[in-house]
Amino acid sequence: MMEERANLMHMMKLSVKVLLQSALSLGRSLDADHAPLQQFFVVMEHCLKHGLKVKKSFIGQNKSFFGPLELVEKLCPEAAEIATSVRNLPELKTPVGRGRAWLYLALMQKKLADYLKVLIDNKHLLSEFYEPEALMMEEEGMVIVGLLVGLNVLDANLCLKGEDLDSQVGVIDFSIYLKDVQDLDGGKEHERITDVLDQKNYVEELNRHLSCTVGDLQAKIDGLEKTNSKLQEELSAATDRICSLEEEQQQLREQNELIRERSEKSVEMTKQDTRVELETYKQTRQGLDEMYSDVWKQLKEEKRIRLELEKELELQIGMKTEMEIAMKLLEKDTHEKQDTLVALRQQLEEVKAINLQMFHKVQDAESSLQQKNETITSFEGKTNQVMSSMKQMEERLQLSDQARQGAEERSRKLQQELGSRVGALQLQLSQLHEQCSSLEKELKSEKEQRQALQRELQHEKDTCSLLRTELQQVEGLKKELRGLQDEKAELQKVCDEQEQALQEMGLHLSQSKLKMEDIKEVNKALKGHTWLKDDEATHCKQCEKEFSIARRKHHCRNCGHIFCSTCSSNELALPSYPKPVRVCDSCHTLLLQRCSSTAS
């Protein structure tokens with residue numbers, strides 16, 4: 001492999017050198033008939049085929065260098081035009097021809113070196129097509145790319161139409177590269193010229209690469225400018241947002257100042273009120289000491305009662321939540337059981353429909369079985385008749401054969417005995433022949449009848465076999481019917497059990513509904529009205545007098561509003577409280593009216 005790589009490397013150098021020298025002499029414009037150009041493509045094809053893996057298929061082995069060249073389309077979008085134009089050429093039918101056309105077009109575009117450099121840079125993709133020691137996988141590939149850069153100065157005008165690229169034989173012509181000593185001496189000048197041209201090409205390639213990098217940098221600068229403008233816009237939006245937030249903060253500060261001033265004024269007012277109340281309190285302190293002690297005792301009792309009521313309320317709330325959960329669970333159970341009941345009823349109806357269908361099928365099968373038994377008996381009678389007729393025909397045939405043999409014997413005897421009576425005997429013989437022909441015709445007709453009877457007999461046998469198979473199918477259907485009847489009995493049992501369970505569930509549901517109604521009534525009694533807080537009420541709900549130390553607050557246990565002692569001095573037994581509790585005057589009259597209406 002190393003020697004092959006070295007040989008191909010030398011041949012590529014020679015072919016590129018000869019091609020450049022001939023192009024300088026011809027003015028750098030080449031066509032398809034130029035021999036050094038053709039040899040260059042042959043050497044390039046050998047370089048691309050070196051170390052190429054063989055792909056096996058159903059047709060045979062395939063070894064084409066067009067596969068790796070197709071990768072250039074994926075790696076370099078500029079090569080997509082070459083690939084599409086190569087595929088659209090109708091004259092190219094093999095991958096080898098497409099690969100040669102691709103090389104022609106890449107050389108005409110002056111990008112053959114660029115495309116191959118892209119391929120060699122992605123060796124992990126080339127490893128699918130080439131062996132590890134192939135020319136394209138080693139350092140010689142980069143050297144070839146460097147040699148191909150010098151071909152960018154050439155102008156190749158190659159016409160692919162009419163060229164048979166599929167059947168060309170790639171053979172290297174070494175006579176082009178074998179020259180005399182004089183040619184070698186004169187080649188030094190050409191080498192100098194080629195060196196100058198190579199340097200010029202190198203500088204042009206560097207200039208082209210630099211222009212590409214400049215274009216990329218310009219695009220990056222444009223992108224950075226766009227991002228900078230976007231960031232500036234975002235910064236301006238952020239500054240506007242900060243200004244609006246500062247304005248809102250200032251407004252909030254002003255509102256806070258107003259609220260603080262209002263609160264200070266309210267505090268001053270409350271201080272003045274407290275001062276006035278303190279003066280009045282000092283004036284009435286002696287008379288209120290005894291009242292205060294009584295009020296303190298009442299306060300302790302009410303606190304104790306309030307704590308008990310709060311505990312009872314918590315217990316009632318817990319009972320309420322438990323009852324709601326139980327209600328939800330019972331509703332879920334009822335829905336599920338109703339769904340199961342509906343499903344079981346549907347299954348029962350389906351089973352009934354299936355049983356009816358199977359019963360009708362069994363009746364049809366039994367009726368068809370009876371008809372077929374009748375047809376079998378009729379066919380058996382017919383077969384017996386046919387057999388008897390066949391036996392009669394055979395007996396008649398034997399008799400006719402015996403008669404014919406006797407007639408022949410008689411004719412022979414008569415011929416021997418009565419030779420003189422030939423005329424009369426010939427007439428008798430002709431009659432006998434006619435009788436024989438008639439007997440033969442009868443025999444043929446009887447044979448045909450016998451064959452027809454045999455066919456009918458075979459047909460009857462086939463029908464008998466079909467009827468037997470149908471009988472077997474009917475027996476299988478009977479077995480299936482028995483199995484279905486057993487399943488029906490089992491399903492009937494399950495259905496009866498489920499109906500019993502549903503009846504029991506209905507009883508449980510009725511009981512649970514009664515319980516739920518009781519619970520709802522208790523909940524209605526528990527719900528009542530909203531329980532106002534002490535801080536929310538400053539005046540009595542009924543007389544609208546302001547509360548003070550002398551006029552204390554009392555909750556109505558029915559509506560939850562706050563009243564004074566005079567407006568809530570009544571007591572009644574409520575459903576949520578076992579003992580009589582404090583109730584306002586309006587609730588007292590309302591509850592008394594309800595009790596009287598229910599009693600009546």
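Selection of helices (runs of 4 or more DSSP H) fully inside region 61-127 by the criterion of at least 3 residues being surrounded by 17 or more Cβ atoms within 10 Å (Cβ to Cβ) and within 40 Å of the chain's Cα centre (by Cα) returns 66-75, 80-88. Cβ separations smaller than 9 Å between residues 6+ apart or across chains give the following pairs from region 270-286 residues that are among the aromatic types (Phe, Trp, Tyr) to residues that are modelled with pLDDT under 75: 281/288.
Every residue, every condition in (1) modelled with pLDDT under 85; (2) among the basic types (Lys, Arg), yes or no:
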residue: 67; (1), (2): yes, no
residue: 73; (1), (2): yes, no
residue: 78; (1), (2): yes, no
residue: 82; (1), (2): yes, no
residue: 93; (1), (2): yes, yes
residue: 101; (1), (2): no, no
residue: 109; (1), (2): yes, no
residue: 115; (1), (2): no, no
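Scoring residue 429 on the criteria (1) at pLDDT 80 or above; (2) surrounded by 14 or more Cβ atoms within 10 Å (Cβ to Cβ) leaves a single failure, condition (1).
Scanning region 18-47 for residues being assigned to a helix (DSSP H, G or I), free of Cβ contacts under 8 Å to residues at least 24 places away in the same chain and of a type outside the set (A, V, I, L, M, F, W, C) gives a total of 3.
Return the residue satisfying two criteria in turn: it lies in region 544-579 and is in a strand (DSSP E or B) and open to solvent by less than 80 Å² (accessible area, probe 1.4 Å), and of such residues it is modelled with the lowest pLDDT. This residue is 573. Take the residues in region 427-482 that are of a type in the set (Gly, Ala, Ser) and over 58 Å from the mean Cα position of the chain (by Cα), then tell me which one is farthest from residue 406 (Cα to Cα). Restricting to residues being of a type in the set (Gly, Ala, Ser) and over 58 Å from the mean Cα position of the chain (by Cα), the top hit is 452.
Yes/no matrix, rows are residues, columns are (1) open to solvent by less than 100 Å² (accessible area, probe 1.4 Å); (2) closer than 30 Å to residue 490 by Cα; (3) over 60 Å from the mean Cα position of the chain (by Cα):
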| residue | (1), (2), (3) |
| --- | --- |
| 335 | no, yes, no |
| 359 | no, yes, no |
| 373 | yes, no, no |
| 378 | yes, no, yes |
| 407 | yes, no, yes |
| 412 | no, no, yes |
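Of all residue pairs spaced 6 or more apart or on separate chains, those with beta-carbon atoms under 8 Å, a first member in region 148-165 that is on the phi < 0 side of the Ramachandran plot and a second member that is of a type in the set (Phe, Trp, Tyr) and not in a loop (DSSP other than H, G, I, E, B) are 149/202; 156/104; 158/104; 160/104.
Among the acidic types (Asp, Glu) and surrounded by 12 or more Cβ atoms within 10 Å (Cβ to Cβ): does that describe residue 394? Here the answer is yes, as residue 394 does meet what is asked.
In summary, residue 300 fulfils each of the numbered conditions (1) surrounded by fewer than 13 Cβ atoms within 10 Å (Cβ to Cβ); (2) within 60 Å of the chain's Cα centre (by Cα) with the single exception of condition (2).
The values are calculated or read from the model by the stated rules, or taken from the named source; none is laboratory data. Predicted, not measured: the structure shown is a model, and the values here were computed from it. Cβ sites come from the backbone with ideal geometry, for glycine too, and all protein chains shown count toward neighbours. In case anyone asks, the SASA skips ligands and DNA or RNA and just uses the protein heavy atoms, side chains included. Shrake-Rupley method; radii C 1.70, N 1.55, O 1.52, S 1.80 Å.
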